[in-house]
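Contents: one structure, followed by commentary.
Values in this text are rule-based calculations from the coordinates and carry no lab data. Bear in mind that the values here come from a model prediction, so they are computed numbers and not experimental data. Cβ coordinates were reconstructed from backbone atoms using ideal geometry, including for glycine residues, and neighbour counts include every protein chain displayed.
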Amino acid sequence: MQVLLTRIFNEFQIAAAFKSYQELNSGHINDTYVIHTHTKPNYVLQRINGNVFSDAGNLVVNKVLVSDYLQLKYKDLPFEEVSKKVLCFVKTKDNAFFYKDEDENIWNLSVFIEDSITYLKTPNANIAFEAGKATGLFLENTTDFDVTSLTAILPDFHSITKRYIQFKEALKNATNSTKEKTQSLVSFVEQHIEEMLQIDKAIEGGLIPLRLTHSDTKISNILFSENKALCLIDTDTVMKGAIHFDYGDAIRTICNTADEDEKELHLVDFNLEFFKSYTKGFFQELKNITKEEKKFLPVSIKMMPFIMGLRFLTDFLNSNIYYKVSYENHNLDRAKNQFAYIASINKKYADVKLIIEQEITQ
Ligand code: GN1
Ligand code: MG
């Protein structure tokens, strides 16, 4: 691996020499490596999964365009400061945004943000508040970003309508023994599908405007340093969407007392205190929200775990062809976790609505 990574790394405009590498295993899709050099900075080298992203080259172009746009917001700061607030990508020696190897794999390189950490689970309310600020600020700073300049990499990514069709198809084709394991989850889907379609319908009806969204705001995609959030990472899915996608997806992991892979469902619970802190931070930064958008915030915190649970379940029915798994029932367990989380939100839903009313004053 070291030989391959050194060769790929040397394709980029970097003067420093490759010293060593370390694989980062938290993503479900791409292969990601930290590349240590003899001097600072270090780098993050990533091979985009071509099975998931058929247009991996344009995916990299998209994320560089968004990063460049965000960097302009900080144009008066020195590079060292900027590179902690926004991902900074490095071009290849041919001046391209990505490198394509002989096997047609697409690679990109960005500056590693030193002294930063990520979490799989929220340790305290301050981290939830900081995470809220980071996601809110990303949206605030990209309010005027022209989404038509981006290639649509995964159309209908957060569309329940489309994910439900894919689920039905997978269910039809699954073997009886696989289907048997999913019975209670399938009933859960059928019981909740109507409620979860609300946001799709509001978008179709023009009640919710579309704009740039990060579209994968789980807690492990937020960098922290000394109890402060630095920035959002993993911008592979920057695309046209609703603020509800980023708000709901962040709360999906930030307020879950268990991490996404937890099998012990009694550990899964919705933490109201973290929810309040997250919401406070988010709307401290994101200033523009209409009355109509606000109406759909409560349901968004159920809809995002629902869509993830539905996708994990669909992948299980399809014999695990999309997400990386460590064991056969991994996706099934992930789906159970998401649905248990929704059940926990349902019990506290009156408080959720109240907190949203209190925290969003505009
Ligand atoms: C995937 O790339 P990664 O592992 O952060 C997925 C997200 C899911 C997430 C669940 C392109 O994200 O939609 O929220 O797993 N990304 C894609 O952890 O499907
Ligand atoms: Mg991602």
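Summary table
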{"read-out": "Helix axis angle, 349-359 relative to the chain longest principal axis, alpha carbon, degrees", "value": "50 degrees"}
{"read-out": "On Cα atoms only, tilt of 272-285 relative to the major axis of the chain in degrees", "value": "50 degrees"}
{"read-out": "Three semi-axes of the equivalent ellipsoid, the stretch 127-176, Cα gyration tensor, whole Å, largest first", "value": "34, 18, 7"}
{"read-out": "The chain: radius of gyration and largest Cα-Cα distance (Dmax), Å", "value": "20.3, 61"}
{"read-out": "Size of charge dipole - the chain - debye, nearest 20, with Cβ of Lys, Arg +1 and Asp, Glu -1, no other charges", "value": "400 debye"}
{"read-out": "Relative contact order for the stretch 9-158, counting Cα pairs under 8 Å that sit 6 or more residues apart, in percent", "value": "24 percent"}
{"read-out": "Simple Cβ-charge dipole of the stretch 240-287, Lys/Arg +1 and Asp/Glu -1, about Cα centre, in debye nearest 20", "value": "400 debye"}
{"read-out": "Surrounding net charge for Val34, when Lys and Arg each add one and Asp and Glu each subtract one, Cβ distance under 15 Å", "value": "-2"}
{"read-out": "For the stretch 52-120 and the stretch 135-182, distance of Cα centres in Å", "value": "23 Å"}
{"read-out": "At q = 0.09, 0.16, 0.18, 0.21 Å⁻¹, base-10 log of I(q)/I(0) for the stretch 1-141 (Debye sum, equal scatterers on each alpha carbon)", "value": "-0.30, -0.97, -1.20, -1.49"}
{"read-out": "Dipole-positive endmost among Gln284, Leu265, Met304 within the stretch 264-314 (Cβ charges, Cα centre)", "value": "Gln284"}
{"read-out": "Mean separation of Cα contacts under 8 Å, 6 or more apart, over the residue count of the chain: relative contact order %", "value": "19 percent"}
{"read-out": "Computed Kirkwood radius, in angstrom, where 1/r is averaged over Cα pairs of the stretch 125-219", "value": "16.5 Å"}
{"read-out": "Residue with peak Gaussian network fluctuation, the chain [Cα springs, cutoff 10 Å], from Lys91, Lys168, Lys228", "value": "Lys168"}
{"read-out": "Lys/Arg +1, Asp/Glu -1 at C-beta; the chain dipole; positive extreme among His158, Asn256, Ser344", "value": "Ser344"}
{"read-out": "MRE, 222 nm, helices only [DSSP H, n ≥ 4, -39500 (n - 2.57), over the chain, to nearest 500]", "value": "-15000 deg cm²/dmol"}
{"read-out": "Charge dipole (the chain, unit charges on Cβ, about Cα centre) - positive-most of Thr143, Asn176, Tyr119", "value": "Thr143"}
{"read-out": "Helix 243-254 vs. the chain, principal-axis angle (Cα, 0 to 90°, nearest 10)", "value": "90 degrees"}
